[in-house]
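Rule-based calculations on the coordinates, nothing more; no lab input. No experiment lies behind these values; they were computed from the predicted model shown. Heads up, the Cβs are rebuilt from the backbone with ideal geometry, glycines too, and the neighbour counts pull from every protein chain shown.
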Amino acid sequence: MGCRRHRLGSWELGKTFTGRCWKPLKRPNVPPGQERLVCPDTLQLTTFETQQTIRKRRTYRHARDLCKPNRTTTMADDYKFEGWIGHDEASVKGNMVWETFEPKAWEDTDVDIKVTHSGICGSDLHMLRSGWGPAPYPICVGHEIVGVAVRVGSEASGGIQLGDRVGVGAQSDSCFGRGASAGSCGECDEGSVNYCPRAVHTYGGFHFNGGKTMGGHATYHRCPSAFVIKIPDGLASEDAAPMLCGGVTVYSPLRFHGAGPGKTVGIVGVGGLGHFGVLFARALGADRVVGISRKADKRDEVLQMGADAYISTDGDADWAKENAKSIDIIISTVSSSRMPLQEYLGLLRRDGTFVQVGNPDDGQFSFHPGPLLAGRVKMTGSAIGSPAEIRDMFELSVRKGVKPWVQVRPMADANAAIMDVEEGRPRYRYVLVNEA
């Protein structure tokens, strides 16, 4: 007898059934090599023959995939995963190739996203050129992904529905206790999933099921639902995309270290990341926001973003002396170990905090500890942000009307756009758009 609801006869069943949805029904006179199992969804009996050959094309590996309600929903089943693939370090010089790639094997907690927008982050360039160590080529970069949910797993979290506008940032998964020696993970338990020691990056890593992570400069992206974020109404897709990494990378430390009323905030390096620092420091209500960058030609733009003052470290000869002990919190987005760190630390007031979020390719920072000692100054770091922080950032952006400075480019122009980012041309973030 088969399970009528699922249209599965006994002759369709495979030879390895260990799923938790099946419950053995003990009855006498069961022939050797067979069991009587009951589908708890329908309470109908199904015969399981352990050595029988499957005579259908489809193979069922686990009984729980057979007889639980099939709640996986999909808008289409004929789409291909294609994207810009880097095969070596030269790919950062405009040599990515448009190719088909294999996503991670589907799991019922996953969501497939038809990519509409994908922001270019500085991390893309670091990874393409193996700046943070050897990259696992071939690689598809892009971790500021916005699109439409076209397939939603039966066990997906977050209330995601087909057709929802959703996004994925720089992290695709965390362990949630999987593989932890103690059976749990303190970072995951506390909600600090972005600091999980087994965090899975959206590209350049591997999922827990062994699949390679491939990014969003592509047609489609597959991601565990715990890291798929709904995009709120009132936030344009081209604005939401760069917030998913660039935005939350500065929002998280600003919020954590109390940027708001009564504080003066300095943003070192007003580029793609730094311009978000100015926008969010202002949105969080800081009394005073100071942009700090090398070139004087950004002054008017940074003031237009909402900064109260601008320091040009190349153009203002006495900038360090004139602004000493004037800032409470500094967020440094600079990805170079050659920055004047000693002078930046001298800008902090007593008990001030210096937060480094830029991750340079080219070596270690060097500085004298004098400012730390003399001012009880703290020096720390911060890495991206959690899904909860991304949602908070989106809510603040809608409420306060945060509008990043974005330039939209066709996905077909990805190679040229990557090279333009390398040359420092964006004002201030590029977002690739799939036109079809």
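Of Lys295/Lys403; Lys230/Lys295; Lys295/Lys325, which sit over 31 Å apart, Cα to Cα? Correct reply: Lys230/Lys295.
As a footprinting exposure proxy, order Val148, Val290 by other Cβ within 10 Å, with the fewest listed first. Display every interim value, and only then the final one.
Working: Val148 17, Val290 23.
Starting with the residue having the fewest Cβ neighbours, the order is Val148, Val290.
Taking 51 Å as R0, compute the FRET efficiency from the Cβ-Cβ separation of Ala412 and Leu373 and round it to 0.05. Each step should come with its number before you reach the end.
Numbers: r = 54 Å, r/R0 = 1.06.
That gives a FRET efficiency of 0.40.
Loop-located chymotrypsin sites (Phe, Trp or Tyr not before Pro) in segment 225-302 (DSSP state not H, G, I, E or B) with no more than 15 neighbouring Cβ atoms inside 10 Å do not occur.
Rounded to the nearest 20 debye, what is the charge dipole size of segment 131-238 about its Cα centre when +1 sits on each Lys and Arg Cβ and -1 on each Asp and Glu Cβ?
My answer is approximately 360 debye.
The orientation-averaged projected area of the convex hull spanned by the Cα atoms of segment 243-381 comes to 7.6 nm².
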